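Right, one structure below, let's go through it.
The values are calculated or read from the model by the stated rules, or taken from the named source; none is laboratory data. In this text the structure is predicted, and so the values were computed from the model without any measurement. Cβ coordinates were reconstructed from backbone atoms using ideal geometry, including for glycine residues, and neighbour counts include every protein chain displayed. Heavy atoms of the whole protein, side chains included, go into the accessibility calculation; ligands, DNA and RNA do not. Shrake-Rupley method; radii C 1.70, N 1.55, O 1.52, S 1.80 Å.
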Amino acid sequence: MSLVSETPTLSPFQVAALPEIQFGQGQIRQLPQIIQQRGQHALIVTGQNAFISTSSWSVLKTGLEALGITWDWIQVDGEPSPQLVDASVAQHRQSGIDVVAGIGGGSVLDAAKAIAGLLRTGTSVMDHLEGVGNNLPYTGPSVPLIAVPTTAGTGSEATRNAVLSVQGEDGFKKSFRDNQLIARIALVDPDLLASCPRSQIAANGMDALTQLLESYVSTRANPVTDALAWSGMEAFKAGFWAAWEGDHTNASSGYTQLAYASLMSGVTLAQAGLGSVHGFASPLGAFFPMPHGVVCGTLLAEATATNIHALRARSPDSTALPKYARVGRLMTGQSTLSDTEAGDALIECLRVWVRELDLPRLGAYGMAGEDIPRVCAGARGSSMKTNPLELTDAELAGVLECRL
């Protein structure tokens, strides 16, 4: 009898580049020194209000002045557009920028990535934007970027793509994507989440959960992304509700768990891809003024239900089904459920959460039934390609109909 035990076979996989990660409460105080390590003239990119209304903004400015660092400042209002990026590059390209620091939510970080990427090249972002640009290769170099998230949802601090939008009838939401855009440092300070309103915690937290779940069941998932996505979902379960409720006793711990979950969601989406919810997010964010986190949160339950039911009918041996079941046991705390029971419990759990969080329906942003065909047509981008299975047009339409 052989004494060698059988071990599971690991299929080949790869792990793409990641930023250096500095995580923990109070990390924002290190930002002036981190900037100084990369130069004496910085470009600071923030949002309009959230960060600059906190004491951390004053502390940052004082720290930069004490170190003799000069800096320019850009504010991003809403989803960044190609026009904003090109105008910012034109304004600051000759300013001798040594380092870019993006401090804000996903929109701010995406704008900072794109601007940092083009300050040296001077090219238009439309030369490199996927699907709508001039399809020219990006050669770089990028100015070093420090990414400081002030929300917990997009995980943009860990990805290589800058998502830019033009809203309206002929709008689009596309990525400028290259490894050179990856931040040199992702500085994640959970304390910064304390300034987020409850509605933002809800939408962004559900965005993080969506990214964790979709990357976990993605057709490109691997053992590394599975482990990180699982740890992120455990952190989400442990911290999201305390962060959302803002209970002073547990909020700080909740912010830390949620910030970690968001960071892991960015890491795993960058490695494994996403799924149908993010397939919808592209056309919905382009055609209507829908915040990305709201799109993810409001669609997650119904998209998950559609995937599970379609897998049971057409691909019952899919590895995604036991993964959904494992998540169902985690989120409900019911460890003895069968795979079928756990999958159903996950669907119901997510539906309850959507109701409890009072996430807006799609119709609140002007979408109507007649818009469903063009949204479905625009949803079959890169994210949809790593969904656990290909969904029919009718199945896609059904997800949208449930949340109109």
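Here are the numbers:
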item: Share of carbon and sulfur in the accessible heavy-atom surface of the chain [1.4 Å probe, %]; result: 50 percent
item: More than 19 angstrom apart: percent of Cα pairs within segment 38-92; result: 37 percent
item: Shape metrics for segment 1-115, restricted to C-alpha atoms - Rg then Dmax, Å; result: 20.2, 74
item: Within-11-Å neighbourhood charge of PHE23 [Cβ basis; K, R +1; D, E -1]; result: -3
item: Percent of beta bridges antiparallel (DSSP, the chain, rounded to nearest 5); result: 20 percent
item: Hydrodynamic radius of segment 240-342 per Kirkwood, over alpha carbon pairs, in Å; result: 15.9 Å
item: Quotient of Cα Rg and 2.2 N^0.38 Å for segment 20-194, N being how many residues it contains; result: 0.97
item: Whole-number accessible area per residue in Å² for the chain, which is evaluated in the context of all protein chains at 1.4 Å; result: 41 Å²
item: Long-range lysine pairs (8 or more apart or interchain), the chain, Cα under 23 Å; result: 7
item: Full-extension gain in nm, ARG93 to ALA364, via 0.36 nm per residue minus C-alpha separation; result: 93.6 nm
item: Considering only segment 20-194, percent of DSSP beta bridges that pair antiparallel, nearest 5; result: 20 percent
item: Net dipole in debye of the chain [+1 Lys, Arg Cβ; -1 Asp, Glu Cβ; about Cα centre; nearest 20]; result: 540 debye
item: For segment 116-158, convex hull of alpha carbons as volume per residue, Å³; result: 98 Å³
item: Fraction in percent of alpha-carbon pairs per bin - 5 Å, segment 328-368; result: 5, 23, 21, 15, 13, 10, 7, 5, 1
item: Crossing angle, helix 320-332 versus the chain [Cα axis fit, 0-90 degrees, rounded to tens]; result: 80 degrees
item: Degrees separating the helix 82-92 axis from the principal Cα axis of the chain, which is the longest one; result: 30 degrees
item: Degrees separating the helix 276-287 axis from the principal Cα axis of the chain, which is the longest one; result: 50 degrees
item: Principal axes of segment 80-122: Cα extent on each, largest first, Å; result: 27, 21, 13
item: Mean shadow area of segment 198-402, taken as a quarter of the surface of its Cα convex hull (nm²); result: 10.5 nm²
item: Dipole axis of the chain (+1 Lys, Arg; -1 Asp, Glu on Cβ), positive-most option in GLY26, PRO144, SER315; result: PRO144
item: Stokes-Einstein diffusion coefficient of segment 158-249, Kirkwood radius over Cα pairs, 37 °C, 0.692 mPa s, in µm²/s; result: 209 µm²/s
item: GNM flexibility winner over the chain from GLY254, GLY279, GLY63 (Cα, springs under 10 Å); result: GLY63
item: Candidates ASP98, ASP317, ASP358, ranked by Gaussian network fluctuation over the chain, Cα under 10 Å, top entry; result: ASP317
item: Alpha-carbon spread of the chain, three principal axes, descending order, Å; result: 64, 51, 50
